[in-house]
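Asker: My structure is below; once you've seen it, I'll send some questions.
The values are calculated or read from the model by the stated rules, or taken from the named source; none is laboratory data. Quick caveat: nothing in here was measured; it's all calculated off a predicted structure. Heads up, the Cβs are rebuilt from the backbone with ideal geometry, glycines too, and the neighbour counts pull from every protein chain shown.
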Amino acid sequence: MAFDQTIRNRLQRFVSDARTLLTEEFTRQLQHQYGLDPTTGEVTDLAKITAHLTEEQRETARRLRETLDHYLAGSPSGGKQEGLDRIVREQAFTVLNRLCALQMAEARGLLIESIARGYNSKGFQLYARLAGSALDETGDAYRGYHRLTDQTLYTCVNDFVEPKLKQVASEIQRFQTTEGKGRKAEKEYEELTQLELELKDFRDELLRLAKFWKPNLNDGVQITAAPLWKLFQYRPWQKKLKETWESLEAGEYDWAHLAYSSIWPDRVREKCRTDKSLAIAHGLEELYQEPEKPGKKKRGKKKAGA
């Protein structure tokens with residue numbers, strides 16, 4: 001559908017206003033939360049600001065500084081102010097593009113409504129029905145994805161699985177020292193020993209995954225959760241995640257941060273030598289090698305009388 005000049009002007013104003021709003025928001029967050037000032041280039045030492053930050057925010061502050069160092073290494077003459085300004089612009093650009101892409105996909109019927117009406121969107125309401133009480137009234141569970149870090153699985157083991165294992169082991173020991181157990185007690189004892197085995201298997205699987213699982217929000221929920229497919233009990237979602245994991249293993253999603261950051265870095269780096277878009281996606285432009293352009297063949301002079 002062609003747009004007339006009035007609609008074009010409205011779209012231009014919307015994009016400009018949205019970009020300005022996002023730029024101001026990201027600038028404010030960098031200044032007030034993460035000790036980074038894009039307006040002056042000032043970078044506060046990380047140790048001086050971590051006291052008032054959550055674990056997630058400390059990780060974000062660290063990654064922001066790593067990104068800034070990466071930009072400075074690529075352009076030493078630019079300075080910190082230019083590097084921080086680039087971070088803000090790229091974040092605003094990325095968020096705006098993703099929101100527009102989602103909105104267009106919704107409008108074309110390619111995606112179930114997910115953002116158009118916020119929490120009243122059909123996509124959110126569908127998730128709410130599937131999640132049930134796990135969503136709670138404020139929707140914290142829905143937003144919990146944004147709090148995932150490479151320490152999340154270790155936290156699950158230390159804060160939940162291990163304490164439960166100790167509790168079950170204590171109950172098993174109590175049964176073992178009790179004389180004259182009846183049939184009911186024997187059954188309960190068998191259930192406890194089975195639970196202990198399942199908890200140990202669960203713990204071992206979490207620890208195995210934790211060695212390489214480094215979630216990145218930019219990969220999306222499906223790819224981020226794919227390595228954990230065995231842990232999901234909802235069969236349709238487990239099946240989808242298993243398929244996604246197999247595609248990851250096959251190299252179909254090597255643009256994902258998960259593929260490069262910890263699981264198959266050598267494979268991804270090798271691909272970056274011949275795939276420019278992949279190299280850019282991972283900030284490895286220096287690895288890309290432009291293919292040699294075939295030289296033009298010189299045409300010889302036609303011999304007289306030929």
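Asker: Say whether the condition of being at pLDDT below 75, within 21 Å of Val221 (Cα to Cα) and not basic (Lys, Arg) is met by at least one residue in region 146-163.
Answerer: Scanning region 146-163, I find at least one residue that is at pLDDT below 75, within 21 Å of Val221 (Cα to Cα) and not basic (Lys, Arg), so the answer is yes.
Asker: For region 190-238, give me the residue count where each residue is more than 20 Å from the chain's Cα centre (by Cα) and either farther than 21 Å from Pro163 by Cβ or of a type in the set (Asp, Glu) (or both).
Answerer: Counting residues in region 190-238 that are more than 20 Å from the chain's Cα centre (by Cα) and either farther than 21 Å from Pro163 by Cβ or of a type in the set (Asp, Glu) (or both) gives 11.
Asker: If you go through region 37-51 one residue at a time, do you hit one that is within 22 Å of Asn97 (Cβ to Cβ), in contact with a strand residue (DSSP E or B) (Cβ under 6 Å, 6 or more places away or on another chain) and surrounded by 13 or more Cβ atoms within 10 Å (Cβ to Cβ)? Before the answer, list the steps.
Answerer: Residues of region 37-51 that are within 22 Å of Asn97 (Cβ to Cβ), as a first pass: 38.
Applying the additional criterion that residues be in contact with a strand residue (DSSP E or B) (Cβ under 6 Å, 6 or more places away or on another chain) yields none.
Looking for residues that are within 22 Å of Asn97 (Cβ to Cβ), in contact with a strand residue (DSSP E or B) (Cβ under 6 Å, 6 or more places away or on another chain) and surrounded by 13 or more Cβ atoms within 10 Å (Cβ to Cβ), one finds none in region 37-51, hence no.
Asker: Which of the following residues is modelled with pLDDT of 90 or more, assigned to a helix (DSSP H, G or I) and surrounded by fewer than 14 Cβ atoms within 10 Å (Cβ to Cβ): Asp69, Asp85?
Answerer: So the residue among Asp69, Asp85 that is modelled with pLDDT of 90 or more, assigned to a helix (DSSP H, G or I) and surrounded by fewer than 14 Cβ atoms within 10 Å (Cβ to Cβ) is Asp69.
Asker: What about Glu25, is it surrounded by 12 or more Cβ atoms within 10 Å (Cβ to Cβ), outside any helix (DSSP H, G or I) and not aliphatic (A, V, I, L, M)?
Answerer: Taking the combined requirement at face value, the residue does not satisfy it.
Asker: Please indicate, with yes or no, whether at least one residue in region 240-252 is among the aromatic types (Phe, Trp, Tyr) and under 19 Å from Ala281 (Cβ atoms).
Answerer: No, there is no match, as no residue in region 240-252 is among the aromatic types (Phe, Trp, Tyr) and under 19 Å from Ala281 (Cβ atoms).
Asker: Hey, another quick one. Tell me, please, whether a residue that is in contact (Cβ under 8 Å) with a residue 24 or more places away in the chain, over 30 Å from Thr155 (Cβ atoms) and of a type in the set (A, V, I, L, M) can be found in region 25-39.
Answerer: Checked against the condition, which is being in contact (Cβ under 8 Å) with a residue 24 or more places away in the chain, over 30 Å from Thr155 (Cβ atoms) and of a type in the set (A, V, I, L, M), region 25-39 yields no hits at all.
Asker: Touching a residue at least 40 places away in the same chain (Cβ under 8 Å) and crowded, with 19+ Cβ neighbours inside 10 Å: which single residue out of Leu241, Leu248, Leu258, Leu217 fits that description?
Answerer: Result: Leu258 is the single residue among Leu241, Leu248, Leu258, Leu217 that is touching a residue at least 40 places away in the same chain (Cβ under 8 Å) and crowded, with 19+ Cβ neighbours inside 10 Å.
Asker: Continuing with this model, one more query. Please name all residue pairs, on different chains or six or more residues apart, with Cβ atoms under 7 Å, provided the first residue is in region 100-122 and is exposed (fewer than 13 other Cβ atoms within 10 Å of the Cβ) and the second residue is part of a loop (DSSP other than H, G, I, E, B) and of a type outside the set (Val, Ile, Thr).
Answerer: Tyr119/Gly139
Asker: In addition: How many of the residues in region 220-238 are touching a residue at least 24 places away in the same chain (Cβ under 8 Å) and surrounded by fewer than 14 Cβ atoms within 10 Å (Cβ to Cβ)?
Answerer: Counting residues in region 220-238 that are touching a residue at least 24 places away in the same chain (Cβ under 8 Å) and surrounded by fewer than 14 Cβ atoms within 10 Å (Cβ to Cβ) gives 3.
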